[in-house]
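Throughout, read-outs are computed from the coordinates displayed, never taken from laboratory work. Keep in mind that what you see is a predicted model, and the values were worked out from it rather than measured. As a convention, Cβ positions derive from the backbone with ideal geometry for all residues, glycine included, and neighbour counts pool all protein chains shown.
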Amino acid sequence: MKKTIIKDKMKNQVTFQNLKESILDLLYPLRCPICDEIIVQESIFPGSNRIKIHEKCMNKIQTIDEPMCIKCGHQLLEEGEEYCSDCKKSPHNYEQGKALFVYKSEMIKSIYSFKYSNKREYAKFYAEYTYKKYNQWIKRIQPDVIIPVPMHKKKKKKRGYNQSEVYAKELSYLTGIPVDTKCLKRIVNTKPLKELTTQQRKNVLKKSFCSENLINKYKKILLVDDIYTTGSTLDAISEELKLKGIAEVYCISICTGKGY
């Protein structure tokens, strides 16, 4: 009897959520995260009722598929290879990383709009595709919490939001894993890192993050970010988290470079 009541409650919650999403879709139509045009049901990517993107646009972007680097998740060219050129050169402080898309052409535009043009709704697509592709991996590693890569408070105030935090909350909704946006802070307002070498990035990011003592709070963390380049940011954060008691750090990024 008790199990039946719980199941009925869960069904009602799902039905209410579906109704809520349908109403929101009518009031605020979802837009494709690639072309930004309004999505109609007939044009969405086939194989899933949840992932909202035009089929023609999905075919334009390069997803990360096997073979991929077993450490950072970069796309590899050759079957039988285990590590990308970056991971062969230097070790990382996190256990394992994954990524969704190669950072080029349409995905560059999509991420730019997500970060700088207030297209926060794109996070829904990124999270749903993450869930579709990596849900079994997430279940296997069993993270206690999702932590977004933090922004410095001045930068967040200027932009109005942290894109990694928006993505983390959407992923939390799908996986049921809680998000913690308070335990990790960016205490140094670093300049853009894209023009720096790997070593320069490491030097700049050293001591840029500060975490509270987490030894009795979490053991495994899933760290999420928008773009993975050299891994310097995730390495700096992983080092800080492990100094504060975390045993294992795993990472997911929306986009990554080729890393051949």
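Listed values, structure above:
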item: Volume per residue of the C-alpha convex hull in segment 126-223, rounded to whole Å³; result: 130
item: Residue-by-residue Karplus 3J(HN,Hα) for segment 152-164, coefficients 6.51, -1.76, 1.60, Hz, glycine and proline x; result: 5, 4, 5, 5, 5, 5, 5, 7, x, 6, 9, 4, 5
item: Amide H within-cut-off set for D226, under 5 Å, with H built and near neighbours excluded; result: I254
item: P(r) tail fraction, segment 61-256 - alpha-carbon pairs more than 29 Å apart, %; result: 16
item: Neighbour-count ranking [beta-carbon atoms within 10 angstrom, fewest first] of K119, K156; result: K156, K119
item: Percent of alpha-carbon pairs separated by more than 21 Å within segment 193-260; result: 28
item: Counted charge near E78, where neighbours are those whose Cβ lies closer than 15 Å (Asp, Glu -1; Lys, Arg +1); result: -3
item: I34, I254 arranged by Cβ crowding within 10 Å, fewest neighbours leading; result: I34, I254
item: Relative exposure of Y167, Y161, judged by other C-beta atoms within 10 Å (fewest first); result: Y161, Y167
item: Residues in segment 59-98 reached by a label modelled at S105 [backbone nitrogen below 11 Å; 7 Å Cα→Cβ]; result: 59-63
item: J(HN,Hα) series, segment 210-219, from Karplus relation 6.51 cos²θ - 1.76 cosθ + 1.60, nearest Hz, glycine and proline x; result: 9, 10, 6, 5, 10, 4, 9, 10, 9, 10
item: Projected label distance in nm at Q62 and E95, using a 7 Å step from Cα toward the beta-carbon; result: 3.0
item: Relative contact order [Cα under 8 Å, 6+ residues apart], segment 61-256, whole percent; result: 26
item: HN-Hα J in Hz across segment 181-186 - Karplus 6.51, -1.76, 1.60, θ = phi - 60°, x for Gly and Pro; result: 9, 9, 6, 10, 10, 9
item: Under-5 Å amide H pairs with Q96, H placed in peptide plane, nonlocal only; result: C251
item: Inter-centroid distance (Cα atoms) of segment 82-135 relative to segment 49-72, Å; result: 10
